Amino acid sequence: MITAKSAGFCFGVKRAVDEVKKQIQEGTKPVYTYGPIIHNEQVVDALSRQGVQVIHSEEELSQIHEGTIIIRSHGVPRRIQEKMESLGVTVVDATCPFVKKIHAIAQETGDRGDILIIAGNPDHPEVQGIMGWATGEVHVIESAEDLEKLQIPEGKKAVLVAQTTFNKVKFEYIVEIFARKRYHSYVVNTVCNATDERQTEAREIAQKVDAMVVIGGRHSSNTQKLFYICSEKCANTYFIETLVDLDLKPFQSYSRVGITAGASTPNSIIEEVTEYVRTEL
Ligand code: F3S
């Protein structure tokens, strides 16, 4: 059995979760997170039992006038952060520094009068956060085809960045098309190494095993991508949130099993699954 070394919490997610735990330990009340702190129901439920409340919308945010609000690693649009700061609550910004860097690029690009192009999912909170720091024209593209359709006026400069969890290979392809299309443009590769390392390792392991288990939240885009990558290399790839979802019957016929997990999967779940699969093989 091979368990990916890069499975589980990345630096930014760990930092955000640790911040929530710190606030609980310090006895801060009430503690809120703007959106679930990570895409993992087990972790969010455990924190909720310790009094951490999730703010789901801007309307809900408007009702809050005391306590501490933690911004998760995805970040939020500038408008939301300013709204939080105007409420008289303590705001703890746990936006991942790599995402913060993209916010700065978004702002600087607009301030220069250049156009920002984000390779990513327009519905993802990280992308919405980045858009919310842009001070000028901004476009979100999900594929090279989207880029082909984009009309950039003559003489305008464009800056291309990526959602941190964007597929690296897909981004490289988009960069190729981008380079062919424009002269007055530049690219900042903002795909996070943590994602890249996790995806590369998952692909390598999936090539060598009979079955692959991908652990993570159903709504976690980086886990969904891991599942996609592994499925391409290994037909017997299983997506599970916790051990309960794992049907072990087929596992008796597999001799080599690989395990990986998304950035929001706690170590405890990875260890539990690893241990269980080990005893079944
Ligand atoms: Fe940050 Fe990379 Fe994780 S951008 S939140 S360390 S995936």
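The values are calculated or read from the model by the stated rules, or taken from the named source; none is laboratory data. On a predicted model such as this, the values are computed, not experimentally measured, just so you know. Counting neighbours? That spans all protein chains shown, and the Cβs are built from the backbone with ideal geometry, glycine included. The area values use the complete protein model at the heavy-atom level, side chains included, leaving out ligands, DNA and RNA. Shrake-Rupley method; radii C 1.70, N 1.55, O 1.52, S 1.80 Å.
At a glance:
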read-out	value
Residue among ILE117, ILE64 that is at pLDDT 95 or above, away from the ligand (no atom under 16 Å from the Cβ) and either closer than 22 Å to LYS181 by Cβ or among the hydroxyl-bearing types (Ser, Thr, Tyr) (or both)	ILE117
Which listed residue is modelled with pLDDT of 90 or more, within 16 Å of the ligand (Cβ to nearest atom) and out of contact with any Phe, Trp or Tyr (no Cβ under 8 Å at 6 or more places or on another chain), from ILE2, ILE37	ILE37
Helices (runs of 4 or more DSSP H) within the stretch 1-108 that include 1 or more residues buried (at least 20 other Cβ atoms within 10 Å of the Cβ)	11-25, 41-49, 78-85
Where a residue in the stretch 74-87 is away from the ligand (no atom under 16 Å from the Cβ) and its partner, wherever it lies, is open to solvent by less than 20 Å² (accessible area, probe 1.4 Å) and in a helix (DSSP H, G or I), with Cβ under 6 Å and at least six apart	PRO77/GLY129
Helices (runs of 4 or more DSSP H) contained entirely in the stretch 168-281, each with at least 2 residues that are surrounded by 14 or more Cβ atoms within 10 Å (Cβ to Cβ) and within 16 Å of the ligand (Cβ to nearest atom)	168-181, 193-208, 221-233
Odd one out for GLU148, checked against (1) within 16 Å of the ligand (Cβ to nearest atom); (2) not in a strand (DSSP E or B)	(1)
